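*Asks:* Sharing a structure below in structure tokens format, with a few things to ask.
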Amino acid sequence: MSEPRVLILHGFQHHRQQSHWLWWLAEELRRLHIPVQYPQLPNPDHPVLSEWIAVATDELAMLGTGDRVVVTHSLGGVLWTHLKRSGVTSNERVLMVAPPSRDRLDGAIAHFAGPLGPDYLDTTGVTLVGRERDRHRNTQLSWLDAGRANDVHVLPGEGHINADDGHGPFPRALEWVVKGSWPT
């Protein structure tokens, strides 16, 4: 495995706050001299899917070839599914953390559900991570894609794996990026 190049895709209402584990991950990767892109996606409080797709597509292209790694949180995982289904992706390793249930895509983010069916997430080749209970998910983590996920890691407790529920640094995510598999 060559040195990874990493793209981080955040979720709804995320303003890249330093207390979020995504910020911590980006800083740790930089400390290890691993190239990382952590863009602020446009209008995080009122996202427009086409704008997020455009930014993510450009950022993904800037990763070049080789070991391309994508880390998503929440709505970023839904964005990843849109990128994958539109053919923008190629052979990336993907860590999808705390993706929401399709029925939680309402209000300002309802259009992200758009043409995606009931088994709306595409977790083929994805490492899926979430808490036992998450207010943004109404089903078991392993059933978000109608049970097709084969690399699922459920963390104990309740929360959305963010600063609001007290989740700080995420060493397992860093280890996954660097070593290529979820630590046991």
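The values are calculated or read from the model by the stated rules, or taken from the named source; none is laboratory data. Quick caveat: nothing in here was measured; it's all calculated off a predicted structure. Using ideal geometry, Cβ is built from the backbone for each residue, glycine included, and neighbour counts are taken over all protein chains shown.
*Asks:* Of all the residues that make up the stretch 60-88, how many are farther than 19 Å from P47 by Cβ and touching a strand residue (DSSP E or B) at 6+ places or on another chain (Cβ under 8 Å)?
*Replies:* Pass one, the stretch 60-88, residues farther than 19 Å from P47 by Cβ: 61-69, 87.
With the extra rule that they be touching a strand residue (DSSP E or B) at 6+ places or on another chain (Cβ under 8 Å), the set shrinks to 62-64, 66-69.
Number of matching residues: 7.
*Asks:* For the stretch 158-184, which residues satisfy the criterion of being at positive phi and either of a type in the set (A, V, I, L, M, F, W, C) or surrounded by 12 or more Cβ atoms within 10 Å (Cβ to Cβ) (or both)? Write out each step before concluding.
*Replies:* Of the stretch 158-184, the ones at positive phi are 159, 161, 166, 180.
Those that are at positive phi and either of a type in the set (A, V, I, L, M, F, W, C) or surrounded by 12 or more Cβ atoms within 10 Å (Cβ to Cβ) (or both): G159, I161, G180.
*Asks:* Give the number of residues within the stretch 29-76 that are outside any loop (DSSP other than H, G, I, E, B) and either of a type in the set (K, R) or buried (at least 19 other Cβ atoms within 10 Å of the Cβ) (or both). I'd like the intermediate steps shown before the answer.
*Replies:* First, the residues of the stretch 29-76 that are outside any loop (DSSP other than H, G, I, E, B): 29-31, 36-37, 49-62, 68-73, 75-76.
Still in the running and either of a type in the set (K, R) or buried (at least 19 other Cβ atoms within 10 Å of the Cβ) (or both): 29-31, 36, 52, 56, 60, 68-73, 75-76.
Residues meeting the conditions: 15.
*Asks:* So which pairs qualify, if the first residue must be in the stretch 124-142 and within 20 Å of V70 (Cβ to Cβ) and at pLDDT 85 or above, the second must be of a type in the set (D, E, K, R) and surrounded by 13 or more Cβ atoms within 10 Å (Cβ to Cβ), the Cβ gap must be under 6 Å, and the two must be at least 6 apart or on different chains?
*Replies:* T127/D151; H136/R104
*Asks:* In contact (Cβ under 8 Å) with a residue 24 or more places away in the chain and among the acidic types (D, E): is that true of E27 in this structure? Explain how you work it out, then say what you get.
*Replies:* Details: in contact (Cβ under 8 Å) with a residue 24 or more places away in the chain: no; among the acidic types (D, E): yes.
Here the answer is no, as E27 does not meet what is asked.
*Asks:* Further question on the same structure: For the stretch 126-154, what are the residues that are touching an Asp or Glu at 6+ places or on another chain (Cβ under 7 Å), more than 27 Å from S90 (Cβ to Cβ) and hydrophobic (A, V, I, L, M, F, W, C)?
*Replies:* Hit for the stretch 126-154 is V154, nothing else.
*Asks:* Separate question: With respect to T57, determine if the residue is closer than 22 Å to E158 by Cα, modelled with pLDDT of 95 or more and not aromatic (F, W, Y).
*Replies:* On the way: closer than 22 Å to E158 by Cα: no; modelled with pLDDT of 95 or more: yes; not aromatic (F, W, Y): yes.
It is false that T57 is closer than 22 Å to E158 by Cα, modelled with pLDDT of 95 or more and not aromatic (F, W, Y).
*Asks:* I need the full set of residues from the stretch 77-108 which are part of a helix (DSSP H, G or I) and of a type in the set (V, I, T), in order please.
*Replies:* V78, T81
*Asks:* Give the stretch 137-184 a look and list any residue that's assigned to a strand (DSSP E or B) and touching a helix residue (DSSP H, G or I) at 6+ places or on another chain (Cβ under 9 Å), or say none.
*Replies:* R137, V152, H153, V154, L155, G157, E158
*Asks:* I would also like to ask the following. Look at D106 and say whether it is acidic (D, E), modelled with pLDDT of 95 or more and over 22 Å from A173 (Cα atoms). Please lay out each step first, then the result.
*Replies:* Values: acidic (D, E): yes; modelled with pLDDT of 95 or more: no; over 22 Å from A173 (Cα atoms): yes.
No; evaluated as a whole, the condition is false for this residue.
*Asks:* Are any of the residues in the stretch 118-127 closer than 25 Å to A61 by Cα, touching a strand residue (DSSP E or B) at 6+ places or on another chain (Cβ under 8 Å) and not in a loop (DSSP other than H, G, I, E, B)? Lay out the reasoning, then the answer.
*Replies:* Just the residues of the stretch 118-127 that are closer than 25 Å to A61 by Cα, to begin with: 120-127.
Then keep just the ones that are touching a strand residue (DSSP E or B) at 6+ places or on another chain (Cβ under 8 Å); that gives 121, 123, 125-127.
The next check asks that each one be not in a loop (DSSP other than H, G, I, E, B); those that pass are 126-127.
Within the stretch 118-127, one or more residues are closer than 25 Å to A61 by Cα, touching a strand residue (DSSP E or B) at 6+ places or on another chain (Cβ under 8 Å) and not in a loop (DSSP other than H, G, I, E, B).
*Asks:* Still on this model: Out of R85, R104, I need the residue that is closer than 25 Å to H153 by Cβ, buried (at least 16 other Cβ atoms within 10 Å of the Cβ) and among the basic types (K, R). Which one? Talk me through it step by step, then tell me what you get.
*Replies:* Numbers: R85 fails: buried (at least 16 other Cβ atoms within 10 Å of the Cβ).
Of R85, R104, the one residue that is closer than 25 Å to H153 by Cβ, buried (at least 16 other Cβ atoms within 10 Å of the Cβ) and among the basic types (K, R) is R104.
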